[in-house]
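First up is the structure itself, then whatever we jot down about it.
The values are calculated or read from the model by the stated rules, or taken from the named source; none is laboratory data. What you are looking at is a predicted structure, and each value in this text was computed from that prediction instead of being measured. All Cβ positions, even for glycine, are placed from backbone atoms using ideal geometry, and neighbour counts span all protein chains on display. Each accessible area value is taken on the protein alone, full model and side chains, heavy atoms only, with ligands, DNA and RNA left out. Shrake-Rupley method; radii C 1.70, N 1.55, O 1.52, S 1.80 Å.
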Amino acid sequence: MAENIDIAQAAEARLTEGSALDHLPMRDEEGQLRHEFVEEIARAIHAADRPLLCEVVAELHEADLGDLIAALEPEDRVTLVEITGTDFDFSALNEVDDAVREEILEELEPETVAEGVRELESDDAVQLLEGLDQEDKEEILEKLPPAEREPLERSLLYPENSAGRRMQSEFIAVPPDWTVGQAIDYMRDTPDLPDRFYEIYAVDADKHWQGAVPLDTLLRARRPVQLSELIEEDRRRVSVLDDQEEVARMFGKYNLVAAPVVDTTNRLVGVITIDDVVDVIEEEADEDLKALGGVTSDEELSDNVWTIARGRFNWLLVNLATAFLASSVLGLFEGQLEKMVALAVLAPIVASQGGNAATQTMTVAVRALATRELGSNNAFRVVMREAMVGLVNGLAFAVITGVAAVAWFKIPGLGIVIGLAIICNLVAGALGGILIPMVLERVRADPAVASGTFVTTITDVVGFFSFLGIATLWFGLK
């Protein structure tokens with residue numbers, strides 16, 4: 001009964017004063033989605049309370065609407081879109097996991113999706129469509145007018161993760177012989193300008209790139225001044241085929257908020273803005289973080305158990321093979337281990353310390369390679385620095401581990417043996433942690449994906465071999 005009263009009170013509130021969200025707060029003090037809010041929206045969906053749902057959807061930012069969609073049950077998500085109709089902002093679907101978005105789009109009628117796509121900027125529309133099957137994609141595009149369909153089809157033809165996929169085809173292009181006054185009047189009189197823009201572009205009759213005029217420069221100039229006097233001809237621009245990660249790096253390096261996109265003939269075809277670049281940075285960082293853990297880049301929290309298990313299986317299989325390789329080193333010293341049990345107890349400590357040190361170095365190296373901070377010009381210096389870090393930490397932990405080993409097993413020589421092995425393995429881990437990613441980068445393999453397994457194998461092998469080898473020599477074991 002109390003639950004029904006909540007919806008009734010919200011409905012009454014919107015008829016009196018304030019918005020629905022004023023009486024139906026979405027987030028708690030910590031910014032988390034309120035469980036009560038989600039429940040009340042779900043009840044409104046089941047009750048088909050279109051006025052309330054349309055008001056809530058209209059007031060929510062696309063990111064907040066995406067959070068709400070992700071929190072709803074799968075069957076309620078599609079119903080919410082169907083009930084709210086044209087009031088639903090389809091850009092919110094770009095804020096949810098790929099699996100959730102595709103599930104919703106596949107359930108909706110192509111006509112409904114097409115109407116939603118028409119309200120989006122081209123870059124958002126491309127992002128919405130690119131994950132769909134080719135058949136579903138074509139069915140939706142066929143419902144669009146030719147003038148709106150053709151730019152989307154052209155963008156979808158560009159390679160995945162390219163600037164052509166990320167750009168929006170809405171921009172302002174004018175002849176360079178126009179005056180400032182003409183450009184301002186054109187922008188005032190044109191109804192279908194981009195929702196947000198930071199500069200206008202000068203093009204010739206064939207739309208070849210001529211230069212850019214930032215809005216602040218335009219608004220400071222007198223009306224009779226020609227745009228050709230204000231044009232920044234050396235303005236940095238992007239090719240449609242440039243990798244999105246390179247574009248993001250350029251934005252960060254040169255503090256850009258927008259960049260024009262040209263095709264292979266230098267014709268202006270689009271623009272990339274800072275909001276797109278922020279998305280790219282987040283995606284690339286997420287991809288690298290997952291790769292370091294041996295997780296596929298397309299794994300999402302919304303995926304089912306079978307999909308996740310299948311995606312992780314192959315890399316776990318590789319890890320198992322390398323683990324057998326490391327364990328085979330122990331087999332070489334089987335006799336020594338039988339004579340001195342302490343070696344079997346302490347060997348994993350040596351391997352573990354080396355592995356942890358290598359992971360630290362590898363994380364820094366992979367990130368430096370991704371941001372182009374590490375290259376041939378400073379490689380030797382950085383490698384030597386990491387080797388010295390491994391040596392310094394090795395000496396420190398040699399003392400700590402050696403004292404602990406002697407106190408544990410009451411064998412004085414054991415402290416020296418494990419100390420020397422720790423030094424060897426931390427230096428090896430530091431070198432492996434930086435050299436392996438660099439080699440993989442050189443052969444055009446992704447360092448984030450493959451480095452972890454190789455580095456761990458090296459530290460395990462070196463750790464076991466150095467510790468047991470030194471112990472064999474020190475104690476005269478055979």
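On the stretch given as the stretch 21-41, residues that are of a type in the set (Asp, Glu) and open to solvent by less than 30 Å² (accessible area, probe 1.4 Å) total 1. Only residues that are in contact with a Leu (Cβ under 9 Å, 6 or more places away or on another chain) and open to solvent by 70 Å² or more (accessible area, probe 1.4 Å) were counted across the stretch 221-248, and they come to 2. Pull up the stretch 276-291, narrow it to residues that are at pLDDT below 80 and either in contact with a Leu (Cβ under 6 Å, 6 or more places away or on another chain) or crowded, with 16+ Cβ neighbours inside 10 Å (or both), then point me to the one that is nearest to residue 371 (Cα to Cα). Per the criteria, the residue is 288.
Residue 444: touching an Asp or Glu at 6+ places or on another chain (Cβ under 9 Å) and either of a type in the set (Val, Ile, Thr) or at pLDDT below 90 (or both), yes or no? Here the answer is no, as residue 444 does not meet what is asked. Taken over the stretch 42-69, residues that are crowded, with 17+ Cβ neighbours inside 10 Å, among the small types (Gly, Ala, Ser) and within 23 Å of residue 129 (Cβ to Cβ) amount to 1. With respect to the conditions (1) among the aliphatic types (A, V, I, L, M); (2) open to solvent by less than 80 Å² (accessible area, probe 1.4 Å); (3) out of contact with any Gly (no Cβ under 6 Å at 6 or more places or on another chain), residue 405 lacks only one, and its number is (3).
Scanning the stretch 74-87 for residues that are closer than 13 Å to residue 108 by Cα, within 30 Å of the chain's Cα centre (by Cα) and of a type outside the set (Ser, Thr, Tyr) yields a total of 7.
Could you look through the stretch 112-141, keep only residues that are touching a residue at least 24 places away in the same chain (Cβ under 8 Å) and farther than 24 Å from residue 83 by Cα, and pick out the one that is farthest from the chain's Cα centre (by Cα)? Among residues in the stretch 112-141 that are touching a residue at least 24 places away in the same chain (Cβ under 8 Å) and farther than 24 Å from residue 83 by Cα, the one farthest from the chain's Cα centre (by Cα) is 122.
Across the stretch 182-240, the number of residues qualifying as under 18 Å from residue 269 (Cα atoms), more than 36 Å from the chain's Cα centre (by Cα) and not small (Gly, Ala, Ser) comes to 2. Find the helices (runs of 4 or more DSSP H) located wholly in the stretch 50-137 whose residues include 2 or more that are more than 22 Å from residue 35 (Cα to Cα), and list them. Those helices (runs of 4 or more DSSP H) span 98-107, 110-118, 122-129.
Scanning the stretch 154-180 for residues that are exposed (fewer than 14 other Cβ atoms within 10 Å of the Cβ) and free of Cβ contacts under 8 Å to residues at least 40 places away in the same chain turns up 157, 160. Examine the stretch 98-121 for a residue that is closer than 24 Å to residue 301 by Cβ, open to solvent by less than 50 Å² (accessible area, probe 1.4 Å) and among the acidic types (Asp, Glu), and state whether such a residue exists. No, the stretch 98-121 has no match at all.
Name the one entry in 257, 213 that is at negative phi and open to solvent by 40 Å² or more (accessible area, probe 1.4 Å).
Details: 213 fails: open to solvent by 40 Å² or more (accessible area, probe 1.4 Å).
Residue meeting the stated conditions: 257.
Picking from residues in the stretch 181-200 that are within 25 Å of residue 261 (Cβ to Cβ) and in a helix (DSSP H, G or I), the one that is least open to solvent (accessible area, probe 1.4 Å) is 183.
Is at least one residue of the stretch 312-328 in contact with a helix residue (DSSP H, G or I) (Cβ under 9 Å, 6 or more places away or on another chain) and not in a helix (DSSP H, G or I)? The answer is no; no qualifying residue exists.
Of all residues in the stretch 360-373, at least one satisfies being open to solvent by less than 50 Å² (accessible area, probe 1.4 Å), touching a Ser or Thr at 6+ places or on another chain (Cβ under 7 Å) and touching a residue at least 12 places away in the same chain (Cβ under 8 Å). Of everything in the stretch 452-478, what is among the small types (Gly, Ala, Ser) and open to solvent by 40 Å² or more (accessible area, probe 1.4 Å)? Give them in sequence order. Matches in the stretch 452-478: 476 only.
Applying the condition of being over 14 Å from residue 457 (Cα atoms), surrounded by 15 or more Cβ atoms within 10 Å (Cβ to Cβ) and not aliphatic (A, V, I, L, M) to the stretch 316-338 and asking which residue is nearest to the chain's Cα centre (by Cα) yields 333.
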